[in-house]
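Scroll down for the structure; my scribbles are underneath it.
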Amino acid sequence: MLDQTMPSWLKVIFKVKHGLIIFEKVVAISSLFLLLLLAIVQIIARNFFDMGFTHVDVISRHLILFIIFMGAALVSEQNRHIKIDILVPLLNTEQQEKLIRPLLVLCAIISGIFAWYSIGFWLDEWEYAPSNEKWSVYLALILPFGFSILSLHLLLLTITGFEHDKVLLEKEKKQSPHCSCSNAS
């Protein structure tokens, strides 16, 4: 996948980005599986044994955050995230291409700011959490961690561009002009 003419620093960035994507997928899939498992166990415990586990709801809320943050990073990789484009459709393709990298940097900065303030939020949670609930504060680390990963991911996208777009461009280049597709006329 990596071009042999590519500078070595860029190859390292692509490898870091690929590793980050694998990490995000593993965390998202594991969190979803654990969330489903905990929900099923809680339903069975409540309906069949008239009991429930007190901390499952807290864990489930945090697992949803894990899924959301990892999913946000993964969909941004494919340029399939939710976009509110008001002016972009009015721009031509060349102007849109010039605008994408500054917008990615801006999004990375905003995510970094959110990460910074969520660290302060987490420290407050840690300081004021009762001793019997300190364990749940560790789960809240997903906020600064998630925003930091999202910020890093957006910065890497600024350098490397979108993989999905590159794959589509390569497929278009590989198609021969004498395609066996028939045009109905």
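The figures follow:
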| quantity | calculated |
| --- | --- |
| Pairwise label distance in nanometres, LEU32 with PHE53, each label 7 Å out on the Cα-Cβ vector | 2.1 |
| Spacing of the two label points (7 Å from each Cα toward its C-beta) at GLU94 and PHE121, in nm | 4.3 |
| Sequence ranges 89-99, 138-148, ranked by mean other-Cβ count within 10 angstrom, highest first | 138-148, 89-99 |
| Stretch gain in nm, segment ILE113-LEU139, where the contour uses 0.36 nm per residue and the Cα spacing is subtracted | 7.3 nm |
| Label of the coordinate-derived value, Kirkwood radius over Cα pairs in Å, listed as (i) 16.2; (ii) 18.1; (iii) 19.9 | (iii) |
| Residue-averaged 222 nm ellipticity for the chain, from DSSP H runs of 4+ at -39500 (n - 2.57), nearest 500 | -26000 deg cm²/dmol |
| Cα-based Lys pair tally, the chain, threshold under 18 Å, eight or more apart or on separate chains | 8 |
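Values in this text are rule-based calculations from the coordinates and carry no lab data. Remember, predicted model here, so these are calculated numbers, not experimental data. Using ideal geometry, Cβ is built from the backbone for each residue, glycine included, and neighbour counts are taken over all protein chains shown.
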